[in-house]
Amino acid sequence: MDFYIQHNDTNLYYATKFRTTDLAFYITGKLNVLIVPDMEKDRALRESEVEVRSFGELGYHELRKEMDSKKAQAEMLIRFLKSHGAKVVGIPENFPAYLALQLLNNFDVKITNPFKKMRAIKSFEEIGYIKDTSRAVISAFEFALKVLKRERSCDRIKERIENYLYLKGYIAKDTIVSSGKVSAIPHGSGGTVEDHVVIDIFPKSKRHHYYSDFTRTVILRKNEKIEEMLKVVVEAQEKAISMIREGVRAKDVHDTVCDVIESYGYKTLRQKAKEGFIHSTGHGVGLEVHEEPRIFENETILKSGMVFTVEPGLYYKEVGGVRVEDVVVVKRKGCEILTEYPKFVRCGK
């Protein structure tokens with residue numbers, strides 16, 4: 001593959017440290033160049049870590065005199081690549097279709113993503129950013145506990161959490177606050193607070209754009225079944241975390257969670273169950289809230305610097321659901337929990 005083309009998404013920011021909502025391209029391989037609209041060039045020169053060229057420098061405005069903007073963008077790319085001898089070009093799965101079709105007419109195009117695996121292992125700086133957001137998410141959860149003492153609407157609690165984080169410099173969307181039977185839907189949110197509430201907060205920083213992800217099940221009134229389920233989930237999570245270290249398979253971590261849950265008579269997705277533990281054990285966290293590695297039935301070998309969630313849960317339609325989630329970073333001889341907080345949380349009115 002001669003060149004890889006990344007359009008403006010999270011991978012472009014990861015590779016260049018330049019972020020824009022306008023269409024931009026990062027070309028790597030035999031080149032290492034960021035191509036941006038003319039009005040973004042000065043900012044790109046200040047913020048990015050690679051060579052910067054503007055659309056105008058590559059003939060875009062002359063092409064616009066002859067064709068519409070989308071065709072001009074495609075032709076600009078094609079001419080630039082051909083001028084550097086490109087024959088085989090890589091693009092990501094989510095590359096704009098109108099550009100991909102034109103590239104196919106001119107090059108041997110491969111669907112690939114070199115950043116996917118690179119981003120799975122975080123640098124010291126990236127881990128610091130995730131720690132920063134993790135501190136913010138714990139602060140937001142403690143704020144939520146105060147709100148929970150006087151507020152019964154899950155939607156209102158969610159709104160208060162997201163507003164709190166925004167004023168602190170973090171963006172939280174689709175925060176989960178669920179109770180009663182609504183909590184039996186893993187990503188369900190809303191309703192009225194009953195005897196327990198699941199709070200799942202996953203904000204990103206407005207400054208450095210890195211996420212964290214944290215869930216606790218809060219007990220408000222005695223419910224023996226919910227409390228029993230929560231104890232099982234906490235035991236499964238703690239056992240899984242205790243085995244995480246460099247060299248362990250993701251599958252083994254997931255199987256450990258399933259083993260504990262099944263030992264108490266609850267069902268898991270491993271048994272093709274539709275209720276019980278019905279999702280993966282975890283997912284990578286970084287510039288996206290869901291990225292590599294996946295902690296499920298896969299053979300991925302854990303490596304130092306990987307950051308991911310460990311989030312077992314149990315969900316039953318007639319009872320409700322519980323979940324406990326923390327973010328961990330893999331180390332050579334163990335792991336560090338970045339969202340350290342008590343597992344059992346009670347909150348009175």
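The values are calculated or read from the model by the stated rules, or taken from the named source; none is laboratory data. Everything numeric in this text was worked out from a predicted model, so none of it was measured. Backbone-built Cβ (ideal geometry, glycine too); neighbour counts: all protein chains shown. What goes into the accessible areas is simple: the full protein's heavy atoms, side chains included, and nothing from ligands, DNA or RNA. Shrake-Rupley method; radii C 1.70, N 1.55, O 1.52, S 1.80 Å.
Report in % the part of the accessible area of segment 90-241 that belongs to carbon and sulfur, leaving out ligands and nucleic acids; probe 1.4 Å.
Roughly 51 percent of what the probe reaches on segment 90-241 is carbon or sulfur.
Output the antiparallel fraction of DSSP beta bridges having both residues in the chain, as a percent to the nearest 5.
75
Among the trypsin sites (Lys or Arg not before Pro) in segment 79-147, which ones are in a DSSP loop with at most 12 other Cβ atoms within 10 Å of the Cβ? Mind listing them?
Within segment 79-147, the qualifying trypsin sites (Lys or Arg not before Pro) (loop, at most 12 other Cβ atoms within 10 Å) are LYS87.
Roll a 1.4 angstrom probe over the protein heavy atoms and tell me the percent of accessible area of segment 247-349 that is carbon or sulfur.
Accessible surface attributable to carbon and sulfur in segment 247-349 totals 50 percent.
Can you tally the net charge around VAL234? Count Lys and Arg as +1, Asp and Glu as -1, for every other residue whose Cβ sits under 13 Å from the Cβ of VAL234.
-2
Strictly greater than 38 Å: what percent of every Cα pair in the chain meets that?
Cα-Cα pairs of the chain separated by over 38 Å account for 29 percent.
Using the heavy atoms of the protein chains and a 1.4 angstrom probe, tell me the accessible area per residue for the chain in square angstrom.
Ligands and nucleic acids excluded, the result is 46 Å² per residue.
Between GLN271 and SER242, what is the spin-label point distance in nm, taking each point 7 Å from the Cα along the Cα→C-beta axis?
2.3
Kindly report, to the nearest 10 Å², the accessible surface of SER304 as traced by a 1.4 Å probe over protein heavy atoms only.
The accessible area of SER304 comes to roughly 40 Å².
Would you check the accessible area of SER69, probe 1.4 Å, heavy atoms only, in square angstrom rounded to 10?
Surface accessible to solvent at SER69 totals approximately 40 Å².
Subtract the Cα-Cα distance of THR10 and LYS146 from 0.36 nm times their separation in residues, and report this length gain in nm to one decimal.
Between THR10 and LYS146, full extension yields an extra 45.5 nm.
So which chymotrypsin sites (Phe, Trp or Tyr not before Pro) in segment 217-326 are both in a DSSP loop and have at most 15 other Cβ atoms within 10 Å of their Cβ?
TYR264
Name the shape class, rounded, prolate or oblate, that the alpha-carbon gyration tensor gives for segment 203-292, where a ≥ b ≥ c are the square roots of its eigenvalues, rounded holds for a/c under 1.5, and otherwise prolate holds if a/b is larger than b/c and oblate otherwise.
oblate
Of all accessible surface on segment 1-88 at a 1.4 Å probe, what whole percent is carbon and sulfur?
Exposed carbon and sulfur together represent 45 percent of the surface.
Does segment 1-53 come out rounded, prolate or oblate by the C-alpha gyration tensor, with a ≥ b ≥ c the root eigenvalues, rounded set by a/c under 1.5 and, if not, prolate when a/b is larger than b/c and oblate if not?
Prolate shape, in that a/c is at least 1.5 and a/b is the bigger ratio.
From the cross-link list LYS30/LYS116; LYS41/LYS204; LYS65/LYS204; LYS30/LYS122; LYS317/LYS343; LYS222/LYS274, which pairs have alpha carbons spaced over 31 Å apart?
From LYS30/LYS116; LYS41/LYS204; LYS65/LYS204; LYS30/LYS122; LYS317/LYS343; LYS222/LYS274, over 31 Å: LYS65/LYS204.
With every protein chain kept in the model, how would you rank CYS335, CYS258 by accessible area, 1.4 Å probe, largest at the top?
The ordering from most to least exposed comes out as CYS335, CYS258.
For segment 186-249, what does the alpha-carbon gyration tensor say about shape, rounded, prolate or oblate, given a ≥ b ≥ c as the root eigenvalues, a/c under 1.5 as rounded, and a/b over b/c as prolate?
It comes out oblate by the Cα gyration axes.
Which GluC sites (Glu not before Pro) from segment 47-139 combine a DSSP loop assignment with at most 11 other Cβ atoms within 10 Å?
Sparse-neighbourhood loop GluC sites (Glu not before Pro): GLU49, GLU66, GLU93.
Given the whole protein assembly as supplied and a 1.4 Å probe, what does the accessible area of ARG152 come to in Å², nearest 10?
Looks like 70 Å² after rounding.
If you consider only alpha-carbon coordinates, what radius of gyration and Dmax does segment 53-182 have, in Å?
23.7, 67
Step through the residues of segment 26-34 one at a time and calculate ³J(HN,Hα) from phi using the Karplus curve (6.51 cos²θ - 1.76 cosθ + 1.60, θ = phi - 60°), rounding each to whole Hz and writing x for Gly and Pro.
10, 10, 10, x, 6, 10, 8, 9, 9
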